[in-house]
Amino acid sequence: MSSGWEIRMSNSKGIPYYFNAVSKQSSWDAPSELSEDQIKSLPGSQHLSGGSSGGAGTITASHLLVKHKDSRRPSSWKETNITRTKEEATDILREYQAQVGNSREKFEELASVHSDCSSHSQRGNLGPFSKGQMQKPFEDAAFALQVGEFSDIISTESGVHIILRTA
Ligand SMILES: O=C(O)CN(Cc1ccccc1)C(=O)c1nc(-c2ccccc2)[nH]c1C(=O)O
């Protein structure tokens, strides 16, 4: 069972902080109950200085994916055989978009429950990636975002997505 701790980047101070998604605690200092190794393997550990994945041209983003019958793999942790149309998937995502507004917390809550991507178990967090790793429409949309900004609905061969850039 994860401790609920993760490492986030403070947009205002530009330094990492520790956030517990269970207790909603946040702290500039590492939780005393975690060992060095545990801290290094927390979600978001790439934010810690010396992180190998930090590097120029790397961003970090989360997404909420709704698949449809024409998705390259119309199956997910939630639904073995996804039959909704792309139009229905887009309507569903518009509803989530309206609920999210500008709230990262609401986005992560909906991504955890509704995203058809395996990253749902990380509140939608995909971790750091650079250009050339993701499908082009996803990369283009994600790299066009400022930190803290949401994309509009975008479409890839996997389905339709909303992206939040987090670092
Ligand atoms: O497209 C396919 O043939 C199968 N995939 C690709 C995939 C499958 C597992 C993990 C990551 C990517 C997906 O459908 C998929 N794409 C994504 C994805 C797409 C864009 C950005 C990040 C993740 N997630 C998933 C998933 O099941 O969990």
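On the basis of being buried (at least 18 other Cβ atoms within 10 Å of the Cβ) and over 22 Å from Glu149 (Cα atoms), does Pro16 make the cut? Write out each step before concluding.
Details: buried (at least 18 other Cβ atoms within 10 Å of the Cβ): yes; over 22 Å from Glu149 (Cα atoms): no.
Considered against the rule, which asks whether it is buried (at least 18 other Cβ atoms within 10 Å of the Cβ) and over 22 Å from Glu149 (Cα atoms), Pro16 comes out as no.
Given Ile92, Ile59, which one is over 23 Å from Val22 (Cβ atoms), away from the ligand (no atom under 15 Å from the Cβ) and out of contact with any Ser or Thr (no Cβ under 6 Å at 6 or more places or on another chain)?
Details: Ile59 fails: away from the ligand (no atom under 15 Å from the Cβ).
Exactly one residue qualifies, and that residue is Ile92.
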- Just name the residue that is most open to solvent (accessible area, probe 1.4 Å) out of those in the stretch 24-47 that are closer than 21 Å to Ser119 by Cα and free of Cβ contacts under 8 Å to residues at least 60 places away in the same chain. Lys40
- In the stretch 117-131, anything more than 13 Å from the ligand (Cβ to nearest atom) and out of contact with any Gly (no Cβ under 8 Å at 6 or more places or on another chain) is listed as Arg123
- If Ile153 satisfies every condition in (1) open to solvent by 40 Å² or more (accessible area, probe 1.4 Å); (2) in contact with a Leu (Cβ under 7 Å, 6 or more places away or on another chain); (3) of a type outside the set (Ser, Thr, Tyr) but one, which is the exception? (1)
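Could you pull out the residue among Ser35, Ser71, Ser23 that is at pLDDT 95 or above and of a type in the set (Gly, Ala, Ser)?
Values: Ser35 fails: at pLDDT 95 or above; Ser23 fails: at pLDDT 95 or above.
Being at pLDDT 95 or above and of a type in the set (Gly, Ala, Ser) holds for just one of Ser35, Ser71, Ser23, which is Ser71.
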- Query: Of the numbered conditions (1) open to solvent by 30 Å² or more (accessible area, probe 1.4 Å); (2) within 15 Å of the ligand (Cβ to nearest atom); (3) among the acidic types (Asp, Glu); (4) within 15 Å of the chain's Cα centre (by Cα), Glu109 satisfies every one except a single condition; which is it?
  - Reply: (2)
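The values are calculated or read from the model by the stated rules, or taken from the named source; none is laboratory data. This structure is a prediction, so every number in the text was calculated from the model and none was measured. Reconstructed Cβ throughout: ideal geometry from the backbone, glycine too, with neighbour counts over all protein chains shown. The protein model used for the area step is the full one, side chains on, heavy atoms only, and it has no ligands, DNA or RNA in it. Shrake-Rupley method; radii C 1.70, N 1.55, O 1.52, S 1.80 Å.
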